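Asks: The following block contains the structure, expressed as structure tokens.
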């Protein structure tokens, strides 16, 4: 029995090495354009994680202050137990019950939360380096945190209103870009 399709396969020249390489280069080029730069995704995720964690901690501090009827202060902290005067928020932060309203943690004042070290992004607040929630839920001083990275287009603002409301936005409270 004769198989005619086998004889045609032997005579088929197939693809040359050059043709195969050209096709592979085209596929690699298309994939390179279709898949976004992973470093931009990592930077965006780091900014999102830092702003989300700060947002959650601010919300928790406000709710705790209202429920317990005590002022709660957040401040930068390097060791997770005391406020770091003049410190940077990316070194971490703490939230504590501030019964005597001195914006400094005494040993009798309970630590409620400890924020993480965020070395990959900077976290900046205004010149008063602490934030207090009063038992009625109000925040003092109001303002916004600036969460920044090496890619300034990924910056976020965590905005705190005098009423204690907190929100995250990619614009500053004035509507302009977040200035890092």
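Derivation of every value follows stated rules applied to the coordinates shown; laboratory data play no part. Only a predicted model underlies this, so the values are computations on that prediction, with no experimental measurement involved. Ideal geometry is used to build each Cβ from the backbone, glycine not excepted, and the neighbour counts take in all protein chains shown.
Asks: Using a basic spin-label model with each label point 7 Å from the Cα along Cα→Cβ, how many nm lie between residue 81 and residue 38?
Replies: According to this spin-label approximation, the distance is 4.1 nm.
Asks: Could you grab the relative contact order for the chain? Cα pairs under 8 Å, six or more apart, rounded to a whole percent. Kindly include the intermediate steps, with their values, before the conclusion.
Replies: On the way: 320 pairs, mean separation 33.7, N = 180.
Reported as a whole number, the value is 19 percent.
Asks: A follow-up question, please. Among DSSP beta bridges whose residues both lie in the chain, state the antiparallel percentage, nearest 5.
Replies: Working: 27 of 27 bridges.
Taking every DSSP beta bridge with both residues in the chain, the antiparallel ones total about 100 percent.
Asks: Pull out the extension gain between residue 114 and residue 26, defined as 0.36 nm times the separation in residues minus the alpha carbon to alpha carbon distance; nm, one decimal.
Replies: Details: separation 88, 0.36 × 88 = 31.68 nm, distance 5.06 nm.
Fully extending the segment from residue 114 to residue 26 adds 26.6 nm.
Asks: Now, a different point. Can you bin every Cα-Cα distance in region 128-173 into 10 Å intervals starting at zero and give me the percent of pairs per bin, rounded to whole numbers?
Replies: 29, 46, 21, 4
Asks: Kindly express, to the nearest 10 degrees and within the range 0 to 90, the angle between helix 38-68's C-alpha long axis and the longest C-alpha principal axis of the chain.
Replies: Around 30 degrees separate the two axes.
Asks: For region 71-112 and region 132-169, compute the distance between their C-alpha centroids and round to whole Å.
Replies: For region 71-112 versus region 132-169, the Cα centre distance is 17 Å.
Asks: Once every DSSP H run of n ≥ 4 in the chain is given -39500 (n - 2.57) and the sum is divided by its residues, what mean residue ellipticity at 222 nm do you get, rounded to the nearest 500 deg cm²/dmol? Could you put the intermediate results ahead of the total?
Replies: Details: 3 runs with 57 residues, N = 180.
After summing the helix terms and dividing by the residues of the chain, the value is -11000 deg cm²/dmol.
Asks: Okay, moving on. How much length is gained if the chain between residue 174 and residue 63 is pulled fully straight, taking 0.36 nm per residue apart and subtracting their Cα-Cα distance, in nm to one decimal? Could the numbers behind the result be given before it?
Replies: Working: separation 111, 0.36 × 111 = 39.96 nm, distance 2.65 nm.
So the extension gain works out to 37.3 nm.
Asks: Can you order the peptides 86-96, 19-29, 64-74, 106-116 by their average number of other Cβ atoms within 10 Å per residue, highest first? Before the final figure, lay out the partial values.
Replies: On the way: 86-96: 20.4, 19-29: 10.5, 64-74: 18.7, 106-116: 14.5.
Descending mean neighbour count gives 86-96, 64-74, 106-116, 19-29.
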